[in-house]
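Engineer: Structure in structure tokens, see below.
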Amino acid sequence: MAVAILMPKLGLTMEVGIVVSWRKKEGETVEKDEAVLEVETDKIVTDVQSPQSGVLLKVFVPEGTEVKVQTVLAVVGAPGEDISAFMTASPADVPAAPLPQARESAPAPSGPEARIEGSRQRITPRARKLLADNGYSPADLEALGKTRITETDVQEFLAARAAGGQSGLVQRAPAVASDASGQVKPMGRIEKIVADRMTQSFRDIPQFSIRFVADMDNLLEGLPALRQSAGAPVTINDLVLRATAIALSRCPDVQYQFRPEGIFVPSAVNLGFAVAMGRDLVVPVIHNAGKKGLGEICREATDLAERAKTRRLAPEDLSGGTFTVSNLGMFGISSFVPIVNPGEGAILGVGAVHAEPRVHGDAVTAGQAIEMTLVCDHRSVNGATAAEFCRTLKQVLELPQGETW
């Protein structure tokens, strides 16, 4: 029986994906779980496998096209099998086997596409909204000659308008006009998601913060030996991640997460850490970090960060986080107050290691210290729990090298 390959939903926030490239051509034989195409989501580029063995009978979506999740991308079946039902049926009627990457059970509804009045074009809900927000209507894009207008089309149109180009389209004054000092730049998908989630966090989560300073003299003195024993080029960030994992294992209550039905208690320490990709931001996750040593954390963090910057993370690399570390120390920032990642109970903001005076009787010497700020969701984490975690993390960082690491 022929089955469809669908655009998978690879996360709670994913609504659309882009077909980057087809690994197989129509008429070619494919094996079950063989990579058939590559798709790009708002955070990663990943392979989509065939749900069964057979022949790639039909490819519906060309490379470079953005479509909604659960859109039929292609059909796999027996040679010569009738696929006429796939040509006329709606996505809800199309038989499809579950894809390995599609870990969410159902897509979030995003509304049906609408036909542009007086035209054969159709436009996605996100594209229509983006046009309206900038003072345009779908009729302004008729000159594109496309049968389907996506959010990407609208973004390109707006960018051309902002740059003074016409792109062969109807000219109309945008609702948000640029001033003499700059211009409006359309946001990318990741920027929009981060903006929405941070707005949600600041609006809906009652947050409190605790600031503390830890001496780093012992740890930095022992860093060469730690690197040798770990067999890895351990950095300050790796030390912070390892110390945080230890502290979370000893104080798991700081990972408690608020849910409408109650308090969710994670069963493991899945440590996320923020990685910047230009203006974009992702949080890959080191799973079971509480059971991993310094060398393993160092190597895994390095690998995740490198793959994040090239958009090669797998869906599981971004899921299941129970606590996040955001480190701006490499930029020379002494301290900052981060915002809790929605769905988690706390986040740790890490500043740069800096010189700090030490008073010993009448003598003053210079020492090395690091400042951190823990921000918690007060619905699931109370002040005493947060303070105990901070005290434990400080103790772990200040222990003589070798006692814990």
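Engineer: Considering only the range 330-342, I want to know if a residue exists there that is under 26 Å from the mean Cα position of the chain (by Cα), modelled with pLDDT under 95 and assigned to a helix (DSSP H, G or I).
Structural biologist: For the range 330-342, residues under 26 Å from the mean Cα position of the chain (by Cα), modelled with pLDDT under 95 and assigned to a helix (DSSP H, G or I): present.
Engineer: Report yes if A274 is in contact with a strand residue (DSSP E or B) (Cβ under 6 Å, 6 or more places away or on another chain), buried (at least 18 other Cβ atoms within 10 Å of the Cβ), among the aliphatic types (A, V, I, L, M) and under 29 Å from V48 (Cα atoms), otherwise no. I'd like the intermediate steps shown before the answer.
Structural biologist: Details: in contact with a strand residue (DSSP E or B) (Cβ under 6 Å, 6 or more places away or on another chain): yes; buried (at least 18 other Cβ atoms within 10 Å of the Cβ): yes; among the aliphatic types (A, V, I, L, M): yes; under 29 Å from V48 (Cα atoms): yes.
Answer is yes for this residue.
Engineer: In the range 265-285, which residues are without any contact (Cβ under 8 Å) to a residue 24 or more places away in the chain and not small (G, A, S)?
Structural biologist: Within the range 265-285, the first condition is being without any contact (Cβ under 8 Å) to a residue 24 or more places away in the chain, and the residues that meet it are 265, 267, 276, 278.
Across the range 265-285, the qualifying residue is only V265.
Engineer: Next question. Does R203 count as at pLDDT 75 or above, surrounded by fewer than 11 Cβ atoms within 10 Å (Cβ to Cβ), under 24 Å from the mean Cα position of the chain (by Cα) and assigned by TED's automatic domain parsing to the domain that holds D280? Steps first, please.
Structural biologist: Details: at pLDDT 75 or above: yes; surrounded by fewer than 11 Cβ atoms within 10 Å (Cβ to Cβ): yes; under 24 Å from the mean Cα position of the chain (by Cα): yes; assigned by TED's automatic domain parsing to the domain that holds D280: yes.
Yes; evaluated as a whole, the condition is true for this residue.
Engineer: Restrict the check to the range 296-314 and report whether at least one residue is within 22 Å of N382 (Cα to Cα) and either in contact with a helix residue (DSSP H, G or I) (Cβ under 9 Å, 6 or more places away or on another chain) or of a type in the set (K, R) (or both).
Structural biologist: Quick first cut of the range 296-314, residues within 22 Å of N382 (Cα to Cα) only: none.
No, that holds for no residue.
Engineer: Look at R358 and say whether it is in contact with a strand residue (DSSP E or B) (Cβ under 9 Å, 6 or more places away or on another chain), part of a loop (DSSP other than H, G, I, E, B) and not β-branched (V, I, T). Quick ask: steps written out before the conclusion?
Structural biologist: Working: in contact with a strand residue (DSSP E or B) (Cβ under 9 Å, 6 or more places away or on another chain): yes; part of a loop (DSSP other than H, G, I, E, B): no; not β-branched (V, I, T): yes.
It is false that R358 is in contact with a strand residue (DSSP E or B) (Cβ under 9 Å, 6 or more places away or on another chain), part of a loop (DSSP other than H, G, I, E, B) and not β-branched (V, I, T).
Engineer: A further question follows. Does the range 343-354 hold any residues that are surrounded by 18 or more Cβ atoms within 10 Å (Cβ to Cβ) and assigned to a loop (DSSP other than H, G, I, E, B), and which are they?
Structural biologist: E344, G345
Engineer: A further question follows. List the number of the failed condition for N237; all other conditions in (1) modelled with pLDDT of 95 or more; (2) in contact with an Asp or Glu (Cβ under 6 Å, 6 or more places away or on another chain) hold.
Structural biologist: (2)
The values are calculated or read from the model by the stated rules, or taken from the named source; none is laboratory data. Values in this document were obtained by computation on a predicted structure and should not be read as measured data. Glycine also receives a Cβ, built like all others from the backbone with ideal geometry; neighbour counts cover every protein chain displayed.
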